[in-house]
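Peer 1: Structure provided below as structure tokens; questions to follow.
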Amino acid sequence: MGTGDDDVVAAARAGDEPAFAALVERHRRELLVHCYRMLGSFDESEDLVQETFLRAWKGLRGFEGRSTFRGWLYRIATNACLDFLDGRARRVLPQHIAEPSDPGVGLPPRTDIPWLHPFPDRLWEPAGPVDAEPDAVVVARETIELAFLAAIQHLPPRQRAALILRDVLGWPAAQTAGLLDLSVAAVNSAVQRARATLREHLPPGRLDWAPAAEPTERERAVLRRYMEAVERADLTAVAGLLAEEVRAAMPPYPMWYQGRDAVMATLAASWDAGSPDYVGRLRMTPTRANGRPAAAVYVRPPGEPAHRAFAISVPRIDGDLITEITAFHDPGLFAAFALPMTLPPANR
């Protein structure tokens, strides 16, 4: 820390709450991402960041400057997450708990399962020029792709923490060992085991936790064509955008579908106005989640004038095809994405 930071820390330690707020707020976004990686839940991550700040305020007199203030906050946040995770089940997606579903069989939503959540990009992307926000650059260079968040949930909490600190944040083994109260050898062993487990659950061709490239115009074009086809209820156009082995899920519904034929069968039923499974007309608006292009889905059930919030759809796009679609059916997420709960009738 520079002299200016030292002065702010000194003021905060003397009980200056505005000084403390200024210190911690500059790290809020990156700590929110860190807690999200550990927990897999957006709501719980927000709660744990607040818990981190509370613990930091209570323990501020014990901060002696042997590490950076940022590093000290990461220590508190990591331990708060480990405390929270103790005895809790990991966050999952439908494909983690069952075999692929028959398109003709529907099941009710499961609210007793801890589902993985998406993360709104607007809450971690730099609010201003990145050269003015050096800590934001750190977050922007790290991946929070849904595939990695799903894979890392397979790790025990302390392995998860060791992997994130070493491979994502780039902490030295000795610093990681100090935070986790482990030996350097134990940390290195935990990270090796974590990497091996991670490789078992990553998509093909993704063998490490590497920084994600910015979405390409090609990806955005695929998403635009998909959104337009969905709004037209054009089954043929949608089918042309799906990979043969596409996977689709919509938590909290426990079903998931493997393969283009299965996915199209479920869409055909839900888009057929004469079917008992008909959901209504859909509209979509672009957003971003987990560092990738995504879409907010709105539905207008029969007889209603407006489209209402339905799901946040996070596709995985490879080349010109969609290989996976996870639609999080939780209207409560729309506020976090700064999206309206309803859309007026389209002028069509």
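The values are calculated or read from the model by the stated rules, or taken from the named source; none is laboratory data. Just so it is clear, the model here is predicted, and its values are computed rather than measured. In this analysis, Cβ positions are derived from the backbone assuming ideal geometry, glycine residues included, and neighbour counts consider all displayed protein chains.
Peer 1: Right, A136: at pLDDT below 95 and farther than 26 Å from D7 by Cα or not?
Peer 2: Here the answer is no, as A136 does not meet what is asked.
Peer 1: On to the next question. Can you confirm whether the range 52-59 contains a residue that is over 29 Å from E324 (Cα atoms), in contact with a Phe, Trp or Tyr (Cβ under 7 Å, 6 or more places away or on another chain) and among the aromatic types (F, W, Y)?
Peer 2: Looking for residues that are over 29 Å from E324 (Cα atoms), in contact with a Phe, Trp or Tyr (Cβ under 7 Å, 6 or more places away or on another chain) and among the aromatic types (F, W, Y), one finds at least one in the range 52-59, hence yes.
Peer 1: Restricting the search to the range 27-67, which residues are at pLDDT below 90 and either within 21 Å of F119 (Cα to Cα) or touching an Asp or Glu at 6+ places or on another chain (Cβ under 9 Å) (or both)?
Peer 2: Hit for the range 27-67 is G65, nothing else.
Peer 1: When you scan the range 235-259, how many residues do you find that are small (G, A, S) and assigned to a helix (DSSP H, G or I)?
Peer 2: Here is the first cut: in the range 235-259, the ones small (G, A, S) are 237, 239-240, 243, 248-249, 259.
Next, only the ones that are assigned to a helix (DSSP H, G or I) stay: 237, 239-240.
Total meeting the criteria: 3.
Peer 1: Name the single residue, out of those in the range 75-110 being β-branched (V, I, T) and modelled with pLDDT under 95, that is nearest to N290 (Cα to Cα).
Peer 2: The selected residue is I97.
Peer 1: Count, please, the residues in the range 304-343 that happen to be out of contact with any strand residue (DSSP E or B) (no Cβ under 8 Å at 6 or more places or on another chain) and free of Cβ contacts under 8 Å to residues at least 40 places away in the same chain.
Peer 2: The qualifying residues number 3.
Peer 1: Moving on to the next point. Taking the range 1-53 on its own, how many of its residues are closer than 21 Å to L165 by Cβ, in a loop (DSSP other than H, G, I, E, B) and charged (D, E, K, R)?
Peer 2: 1
Peer 1: Can you tell me which residue within the range 155-170, out of those that are at pLDDT 95 or above and outside any helix (DSSP H, G or I), is nearest to the chain's Cα centre (by Cα)?
Peer 2: L155
Peer 1: If you take the residues in the range 42-54 that are surrounded by fewer than 16 Cβ atoms within 10 Å (Cβ to Cβ) and more than 15 Å from the chain's Cα centre (by Cα), which one is nearest to L146 (Cα to Cα)? If you could, list the steps in order and put the result at the bottom.
Peer 2: At the first step, the residues of the range 42-54 found to be surrounded by fewer than 16 Cβ atoms within 10 Å (Cβ to Cβ) are 43, 47, 50, 54.
Cutting the leftovers down to more than 15 Å from the chain's Cα centre (by Cα) gives us 47, 50, 54.
Values: D47: 21, Q50: 24, L54: 29 Å.
Going through the qualifying residues, I end up with D47.
Peer 1: Based on this model, can you work out whether A239 counts as assigned by TED's automatic domain parsing to the domain that holds R316 and more than 16 Å from E324 (Cα to Cα)?
Peer 2: Working: assigned by TED's automatic domain parsing to the domain that holds R316: yes; more than 16 Å from E324 (Cα to Cα): no.
Against the criterion (assigned by TED's automatic domain parsing to the domain that holds R316 and more than 16 Å from E324 (Cα to Cα)), A239 does not qualify.
Peer 1: Tally the residues that are surrounded by fewer than 18 Cβ atoms within 10 Å (Cβ to Cβ), among the acidic types (D, E) and either within 20 Å of the chain's Cα centre (by Cα) or on the phi > 0 side of the Ramachandran plot (or both), restricting the search to the range 312-329.
Peer 2: Counting residues in the range 312-329 that are surrounded by fewer than 18 Cβ atoms within 10 Å (Cβ to Cβ), among the acidic types (D, E) and either within 20 Å of the chain's Cα centre (by Cα) or on the phi > 0 side of the Ramachandran plot (or both) gives 1.
Peer 1: If you check E142 against the conditions, is it outside any helix (DSSP H, G or I), modelled with pLDDT under 90 and either crowded, with 21+ Cβ neighbours inside 10 Å or in contact with a Ser or Thr (Cβ under 7 Å, 6 or more places away or on another chain) (or both)?
Peer 2: It is true that E142 is outside any helix (DSSP H, G or I), modelled with pLDDT under 90 and either crowded, with 21+ Cβ neighbours inside 10 Å or in contact with a Ser or Thr (Cβ under 7 Å, 6 or more places away or on another chain) (or both).
Peer 1: Just wondering, is there one or more residues in the range 246-264 that are surrounded by fewer than 15 Cβ atoms within 10 Å (Cβ to Cβ), more than 23 Å from E219 (Cβ to Cβ), in the same structural domain as G332 (by TED's automatic domain parsing) and at pLDDT below 95?
Peer 2: no
Peer 1: For the range 94-118, enumerate the residues that are in a loop (DSSP other than H, G, I, E, B) and hydrophobic (A, V, I, L, M, F, W, C).
Peer 2: If the condition is that a residue be in a loop (DSSP other than H, G, I, E, B) and hydrophobic (A, V, I, L, M, F, W, C), then I97, A98, V105, L107, I113, L116 are the ones that fit.
Peer 1: Would you check which residues across the range 260-307 are acidic (D, E) and outside any helix (DSSP H, G or I) and list them?
Peer 2: The first filter runs over the range 260-307 and keeps only residues acidic (D, E), leaving 261, 272, 277, 304.
Answer for the range 260-307, where residues must be acidic (D, E) and outside any helix (DSSP H, G or I): D272, D277, E304.
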